[in-house]
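These notes are about the structure you will find just below.
FYI, it's all coordinate maths here, none of it is from the lab. Just so it is clear, the model here is predicted, and its values are computed rather than measured. Glycine gets a Cβ as well: all are built from the backbone with ideal geometry, and neighbour counts include every protein chain shown.
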Amino acid sequence: MMQNIIRPLQLSVNHQVLEQDNKFYFIASVTLGLSLKTGKSLLEMEFQKDAFECMGDHIIPDSGMPKPQSEFLASGTFYSRNGEPVPAGKVKIRLGEKEKELYLFGEREWNLGLPTDPIPFSELPLDYATAYGGNGFEKNPKGMGYESENLPKIENPKKLITSASSQTNPAGFAPLDPSWPQRLRFQGTYGDDYLEKYFPGYTPDFDWRFFMAGPEDQWNKGYFVGDESFEIHNMHPENPIIKGQLPNYVARCFIEEHKADDKPEGKPEGKPEGNGDTPQSIKTDIIELPLNLDTVWFFPEKDLAHLIWRGVAEVTDDEADQIKNLLVAFESRDEEPRSVAYYQNALQRRLNSDDALLNHFNTEDLIPTKEESAMDLLQDMALEDMEESPFTNNIDAKMAASEALVKEKMEEASALLDKNMENVTPDADIEKLNLDELLNPASPQKMELDPDVAALNKKLEEILPGITSGDPKQIRLKNFSFDKIDKIFDEINILTDKKQKLALTELDKMQDTLAEQTKSKMDNLKDIDPEQRAKMEESLAQFTDIKNAGISGEPPQVKVPLPRVDIEKISSALGDVSPQINEGMIQLQNMLATETDPEKIKQYEDIINQSQVDNTEEMKESFIQAEKDFKEIYRGSAHFQQPGLTPHSRADDAVKTEFLKDVLQSHTVANKDWACLDLSGEKLDGIDLSNTYLEQVNFTGCSLRGVNFEGAILARAILDNADLTGSNLKGANVGAVKAHRTNFTDCDFTAAKFSKSDFTGSNFTRAQLNEIEPLEINFNHCIFVDASMVEMKFIKISLSSAKFDGCDLTRSAMIDSHFDDCTFIKAEMPRCTWAESSIKNSKFDQANMLANCWAATEPEDCKIENSSFVGTCLDKANFQNMIFINANFKAVKMENGNCNSAVMENADFSDAKLRQCQFRKANLIRANFNNADIMEGSLAKAKLMNANFKYANLYGVDFLRTFMGKTDFAGANLDVTLIKDWRPS
């Protein structure tokens, strides 16, 4: 099996194995995308996308199969000059000495044996749908003009349609459908002995000209060199004529085999010979596979051409398992060819490195010197509109942070002193204590770019030139690798640590000076009472605490009250009267003093009063909305915050007394703040706690049956042994809670926050758990019988002894999770995904697991051990490459399943329905398929040693190259199989 394909991102690689006359040929196809305007290479992600867009609705991509000679192809559209409608036009392509022209017409039809005048047009896709053909015309059944009043729009100028009865070949530049007779004539003959002698490969007389995709008048004798000139007429909306020359590039391909002495052998007689050479074994570990430039495919409106080189080597099996690694590159014929040893080194350097930048992006050694590497091209694209370097800005920010640190801490000290000076008596000699005067002498000097920073810049430039320039376009990443990132940040951290220590030393000096000066001036103050003096001395004592809290970079872990928005406090602070109303009141007082008309005074007074009422109501509404907005944001994140202090101004016991009294008297307790209360053991059935703050409440042993918790915030609450049967927790935050052995039967948790919670041993029978947030959850020993968990995301969760019987897990995803001793009996689990997840000692009996998909980058770490799927529906399931240990699939239904390359030793598939199931290359040693139905499935290349197929329906099963030994087919239906005449000895 091939392990690695090393290539520059300018090249697309397609590899296949062709089987003919019981021989196998490895085919390597290498595609390079070129700009027709500049001749420069393009990245694969650019040129493949553009090519498919040009192919229209009937896409026939390159087959990846060998061609005995070269051809050019073209996909695109005719464009008239300047977009002016024309009744007819023409397109022409010339490549080297080969030239072809097509005539194009607007819509026409036959009238009295003559074609009508064409309807003018400005664009026409060059598709066979508008070339000659039609229903019943084998050479182009999708065309137009055959047995029709309409005439084709695309014609060959050498064979124009002259009458309604005329017939001709469809005209075009694009690939012909392989099912049309123009290509089928080369497919060879398939007689009665085909299945026995040659199946599934091609017959000896199969002609590789079948793979010549275009019309025969586009074929070229021999192969292209790669420096041919070209002209394209009227196939670009702005450039009527495109001229240029291919850049004289050549692709090269190298194979590393699993066995060093294996040699690709020659090709069958009459097949392409790689410019006259055959692959040769060399002294190095790799073998060069000569390539031929057999296809040039133009996409003119995208300014694009594909150059496709191909090479062929005989191999030993239909998957070319002998080939271990493949390296492809391209060179310019204008430069000295690189040696095989050169590419040997390039391959080994990458195989011995985990650096993705080197392996995929920094590929200068695999391209011509005048071409830019993929990293250069991607960097230019990414930085096209960027003017400043984020990296340089980041370094500047780190230096500025050290400089700002001192200023920030001194401002904190200043603020603290200001606060404690507020109540100094007015007649105190306060002018002697000028805080600005004290702080200014101690203000830090701005740190300049000292020799340390200059040395850092020099080191960074050595690692990555251009990184300190401030201009991202000066940085060239083509020789950069990930191991240099650590070096860069190590150097930066060294300097940052040094500057922080310098700032700490400077801060120590400044604070000592400030304390000394402040104390001296305080001693000179007169008439300051002892309490005020004590407060100021306390402020000085806190200088050290301020410094230590910030300079380390780690804030002290101090508990603070839980966050709240206090609407009453805000309303009081802002007042009920706006400045405009205050001004109106002043004007009203003036009127009372001067105005004599009482009606006018009354009218003005009413206006002011109404304005005051309107203003108050508007403010209240805005405050209420602000509180709602805060609570909504907080509800989504409260469980990720650290535990906090009680938010209540009264003692928690007093708040608890008020809460229980309100509950007893049936007063509303919803939409209030009951956080941090100890309600353990209380009976609170049926109450409404919607939209309440309930963080850190102790509900241990509570009876909470039928409680409405909708929208409540229960972050970090304790729910051990509580009974919440039938409660509503829609949209609630139940994150970071501790809920051991809690009864959540029939609860509705729709859209609730669950992350960071421990639900060990809890009962979620019939609970609604749809759309919940499930990160870092402990569900061990939980019961989810008949619960609804549609589209549940199990991410990095380890589950033990959980019960999901009858649970609805439709479209759920199990990602990097592990399930031990769990049961999913009769669960609804269609279209679930299991990525990087393992299963052990679990039961999925009679579950609906339609179209489940297992995937693992390291199957050894994601095994399915000692688990049963008895009577389970696994239709269209994908177990490819998975490892099963002692799996029980008895009576399973897995039609159209994919078990290719799976390890299923000792698996029990007795009585299973496995029609069209694929077991290609699966390990089925000692597996039991007694009475199983595998009709039209595949066991190709599977290991069936000591397997039991007694009475199995194996009609039409593919046994190609299957490994057998002591395999029991007694009583099995082997009709229409390669072993139909096999009988046990």
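Ordered by the number of other Cβ atoms lying within 10 Å of each residue's own Cβ, fewest first, 298, 230 fall into the sequence 230, 298.
Over the stretch 664-707, Cα pairs under 8 Å with separation of 6+ residues give a relative contact order of 45 percent.
Judged by the mean number of other Cβ atoms found within 10 Å, the most tightly packed of the peptides 119-127, 49-57 leads the ranking 119-127, 49-57. Compute the Cα gyration tensor for the stretch 672-752, then decide on rounded, prolate or oblate, letting a ≥ b ≥ c be the square roots of its eigenvalues: rounded whenever a/c is under 1.5, prolate when a/b is larger than b/c in the other cases, and oblate in all that remain. Rounded, because the longest to shortest axis ratio a/c is under 1.5. Each part reduced to its alpha carbon centroid, the stretch 906-985 and the stretch 1-65 end up 37 Å apart.
Note on residue 352 and residue 197: with the Förster distance fixed at 45 Å, the Cβ-Cβ geometry gives a FRET efficiency of about 0.50. The label point for residue 653 and the one for residue 84, both projected 7 Å from the Cα toward the Cβ, are 10.0 nm apart. FRET efficiency for the pair residue 186 and residue 333, taken as 1/(1 + (r/R0)^6) with r the Cβ-Cβ distance and R0 = 30 Å, rounds to 0.40.
Modelled label positions at residue 92 and residue 229, each set 7 Å beyond Cα in the direction of Cβ, lie 1.4 nm from each other.
How charged is the neighbourhood of residue 862? Take every other residue with its Cβ under 10 Å from the Cβ of residue 862, and add Lys/Arg as +1 and Asp/Glu as -1. With Lys, Arg at +1 and Asp, Glu at -1, the neighbours total -4. Applying 1/(1 + (r/R0)^6) with r as the Cβ-Cβ distance of residue 976 and residue 147 and R0 = 60 angstrom yields a FRET efficiency of 0.90. Taking every C-alpha pair closer than 8 Å and separated by at least 6 residues, the mean separation divided by the residue count of the stretch 55-120 gives a relative contact order of 23 percent. Suppose each label sits 7 Å from its Cα in the direction of the beta carbon; what would the residue 248-residue 771 distance come out to in nanometres? Between residue 248 and residue 771, the label points sit 6.6 nm apart.
With 0.36 nm allotted per residue and the present C-alpha distance subtracted, the residue 661-residue 59 stretch has 209.1 nm of extension available. The stretch between residue 3 and residue 99 holds 30.3 nm of extra length on full extension. This uses 0.36 nm per residue minus the Cα-Cα distance. Taking the stretch 946-964 and a reference point 7 angstrom along Cα→Cβ of residue 936, the backbone N atoms nearer than 18 Å belong to 953-960.
Here the stretch 860-897 is scanned for amide nitrogen atoms under 19 Å from the site 7 Å beyond the Cα of residue 841 along Cα-to-Cβ, giving 862-870, 884-888.
My understanding is that a pair violates if its Cα-Cα distance is over 32 Å; which of 324/943; 23/142; 672/756; 803/890; 890/921 do that in this structure? Long pairs (Cα-Cα over 32 Å): 23/142.
Across the stretch 22-179, Cα pairs under 8 Å and at least six residues apart give a relative contact order of 18 percent.
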